[in-house]
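Below is one structure, written out as structure tokens, with a few remarks after it.
The values are calculated or read from the model by the stated rules, or taken from the named source; none is laboratory data. Predicted model, so just to flag it, every value in this text is computed and none were measured. Here the Cβ positions follow ideal geometry from the backbone for every residue, glycine too, while neighbour counts run over all protein chains shown.
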Amino acid sequence: MFTLTYQTLKSRIQDILENDGTEFVAAIPNFINRAEERLTRETDVIGLNVFAQTTFNIGDPFIDRPIDALIVKSLNYKTTEGTRIQLLQMTNEYVNDYASNRSEKGSPRYYANYGSDKLLIAPSPSSASTVEMEYVAQPPVLSSTTNETNYFTDYCGNALLYASLVEACYYMKNPSAGQVWEAQYMREVSGLNNEARRSRRDDMIVAANPSGGEDNLMNGQP
């Protein structure tokens, strides 16, 4: 895979599509930004995972999601003895049924998404334990002034380039060329997701389900 930066990516888009028009060049940052957003939503690569810590408030059944959290993947807390307890994600209905009286405190066992900015914990915590959250976040957006590189340029360069070319082709009203680059993009994303599935295998045969229970993740190819 070639070494990619924000500037080299912009140059490659121009070179491949042979378009030096002023309006086209000015629009290239938008193509790249949309490609980054698409990669975040369509790939499940480990490099998008972020870890953050917070604390329970005694008797408060809610904790805030980090502002950049797109998907919360796991939640655990540390007991006074230092043991990590993994919470299981459930539906809002299940959590409400399990702990119908939110004023009752105990050792948390479950959590559910509560809107776009909070998590609902059940039962409400009885101690101010340290909480560790793993979530998916959009990498820092590429920019000529702040970020010349990010996770996508370092590890997903081909997919980022092809997704940018798709956006550029539709901007140029050339959907047939866009379909060619779309096929290349989908091939790259398939490989990235397959690589991620392989990294989550628990026995090199079946993908591990981090929440426990039945293995329901797709198998990767060797």
Completion exercise
Of those in the stretch 71-80 that are over 20 Å from the mean Cα position of the chain (by Cα) and of a type outside the set (Lys, Arg), the residue surrounded by the most Cβ atoms within 10 Å (Cβ to Cβ) is TYR77
Handout entry: From THR55, THR83, residue being among the β-branched types (Val, Ile, Thr), modelled with pLDDT of 95 or more and either over 30 Å from LEU9 (Cβ atoms) or under 19 Å from the mean Cα position of the chain (by Cα) (or both)
Key = THR55
Exercise for the section: Would you be able to tell me the number of residues in the stretch 43-96 that are in contact (Cβ under 8 Å) with a residue 60 or more places away in the chain and aromatic (Phe, Trp, Tyr)? Expected result: 2
Handout entry: Residues that are among the β-branched types (Val, Ile, Thr) and either in contact (Cβ under 8 Å) with a residue 40 or more places away in the chain or over 14 Å from GLU36 (Cβ atoms) (or both), drawn from the stretch 146-199
Key = THR149, THR153, VAL166, VAL180, VAL189
Fill in the blank from the handout: By residue number, the members of the stretch 97-110 that are in contact (Cβ under 8 Å) with a residue 40 or more places away in the chain and surrounded by 13 or more Cβ atoms within 10 Å (Cβ to Cβ) are ARG102, LYS105, PRO108
Handout entry: Hits in the stretch 78-121 - residues which are farther than 13 Å from GLY59 by Cβ and either part of a helix (DSSP H, G or I) or touching a Gly at 6+ places or on another chain (Cβ under 9 Å) (or both)
Key = GLN86, LEU88, ASN92, GLU93, TYR94, VAL95, ASN96, ASP97, TYR98
Exercise for the section: Kindly check whether there is at least one residue in the stretch 157-175 that is over 19 Å from the mean Cα position of the chain (by Cα), at pLDDT 95 or above and not assigned by TED's automatic domain parsing to the domain that holds ARG41. Expected result: no
Exercise for the section: Among what's in the stretch 54-70 and is exposed (fewer than 15 other Cβ atoms within 10 Å of the Cβ) and of a type in the set (A, V, I, L, M), pick the residue that is nearest to ASP44 (Cα to Cα). Expected result: ILE67
Exercise for the section: Would you mind stating whether THR146 is of a type outside the set (D, E, K, R), closer than 21 Å to VAL50 by Cα and not in a strand (DSSP E or B)? Expected result: yes
